[in-house]
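First up is the structure itself, then whatever we jot down about it.
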Amino acid sequence: MTAAGGAVPAAAPAPASAAAGPVPVSAASASSSSDPLVLAAAWLDGADAAPPTMTLSTIGLDGYPSARTVLLSRFNGARFHFHTDTRSRKAAELAAVPRATVTLHQPEHARQLVVTGDVAVVTAEEARDAYAARSRYLQVLAWLNDHELAAEPDVRRRERWAAFERDRGADLEPPETWAGYAITPVRMLFWQGDAAGPSNRLAYSRDPGADGGWRLEHLPG
C-alpha cells in the first residue's frame, strides 16, 4: 500500500514539554476525558465506513525505525488489530521486538491518534474473521503478493492475477501466511486541532501500579 499521511498538519505548532507533571486518572471512570480507550472508540466511531488506515511503526532488525501503512482491522475497546503476511518485514520485526506504534490521522476532523503498546498474535479464529471481512481485492492480494510476484513485469503480474481469479471460486479461505496482531496500549496521544485557537494534546500513559489506571498529561499542540 502507498503510505498515507499520518503527520500533524504543517500549520500546527511544534510539540513542547508541558510545565505540569502527569495527573493520575482512574481507569474505572466512564468519562471519555479520563479513559483514553473510551475516547478512542468515540473518535473511531465517527470515522468513515471504510476501515481506516494507520501508520504502523516497528523497530527494525537493524535498530532503525521502520514504518508502513496498514488497515486498522478492528478496535474492540481494548486492543488495536491489524493483519499482514507472516513473511513480511514487519512480522519479522514484531517477532524480534513485539512492540509498536500506530498513528491514525483524521484530517477531516483535525485529529491524530498515536498509540504505542505491546503486540501479540491474535487467535486463528479472529484472523479468519478479519480475512472474511476484507474486500475481494485484498483477499486475492493476500494470496499473491509475494517477493516472486513483485519481481515480475506488470503484464505477467496481471496475467497471474487473472488466472487466480479464473481458477478460484467466490469464497476464499485465508492463506497459511495470513496472520493477525493486536496492540495493547501503554501510551495514547490525542492531538486535536482548532481553527479558532491553539491545538491541544492529551497524553495518556499506563500507571505501573496494580490498578492498571491511566495517567493524563495535557500538552501544547
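The values are calculated or read from the model by the stated rules, or taken from the named source; none is laboratory data. Source: prediction; values computed, not measured. Ideal geometry is used to build each Cβ from the backbone, glycine not excepted, and the neighbour counts take in all protein chains shown. Side chains are part of the model used for accessible areas, which takes the heavy atoms of the whole protein and leaves out ligands, DNA and RNA. Shrake-Rupley method; radii C 1.70, N 1.55, O 1.52, S 1.80 Å.
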Which of the residues spanning the range 56-69 are open to solvent by 30 Å² or more (accessible area, probe 1.4 Å) and in a strand (DSSP E or B)?
-> Ser57, Ile59, Pro65, Ala67, Arg68
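Here's the yes/no breakdown for (1) outside any loop (DSSP other than H, G, I, E, B); (2) among the charged types (D, E, K, R); (3) over 30 Å from Gln106 (Cβ atoms):
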position: Arg166; (1), (2), (3): yes, yes, yes
position: Pro174; (1), (2), (3): no, no, no
position: Ala182; (1), (2), (3): yes, no, no
position: Phe190; (1), (2), (3): yes, no, no
position: Ser205; (1), (2), (3): yes, no, no
position: Leu216; (1), (2), (3): yes, no, no
Flagged pairs (Cβ under 8 angstrom, 6 or more apart or on separate chains; first in the range 192-213, free of Cβ contacts under 8 Å to residues at least 40 places away in the same chain; second of a type in the set (Lys, Arg) and open to solvent by less than 80 Å² (accessible area, probe 1.4 Å)) are Arg206/Arg215
Check Val140, Val114, Val97, Val119 and return the single one that is under 17 Å from Leu39 (Cα atoms) and either touching a residue at least 12 places away in the same chain (Cβ under 8 Å) or not aromatic (Phe, Trp, Tyr) (or both).
-> Val114
Have a look at Pro15, Pro36, Pro51, Pro107 and point out the one that is at pLDDT 95 or above and not hydroxyl-bearing (Ser, Thr, Tyr).
-> Pro36
So His105, is it in contact with a Gly (Cβ under 8 Å, 6 or more places away or on another chain) and closer than 22 Å to Ala133 by Cα | no
Tally the residues that are of a type outside the set (D, E, K, R), within 28 Å of Met188 (Cα to Cα), open to solvent by 50 Å² or more (accessible area, probe 1.4 Å) and in a helix (DSSP H, G or I), restricting the search to the range 118-164.
-> 2
Considering the range 70-111, residues that are open to solvent by 40 Å² or more (accessible area, probe 1.4 Å) and aliphatic (A, V, I, L, M), and then whichever is nearest to Ala195 (Cα to Cα), we arrive at Ala78
Among the listed residues Val119, Val114, Val102, which satisfies the condition of being under 14 Å from Ile183 (Cα atoms), touching a Lys or Arg at 6+ places or on another chain (Cβ under 7 Å) and of a type outside the set (D, E, K, R)?
-> Val119
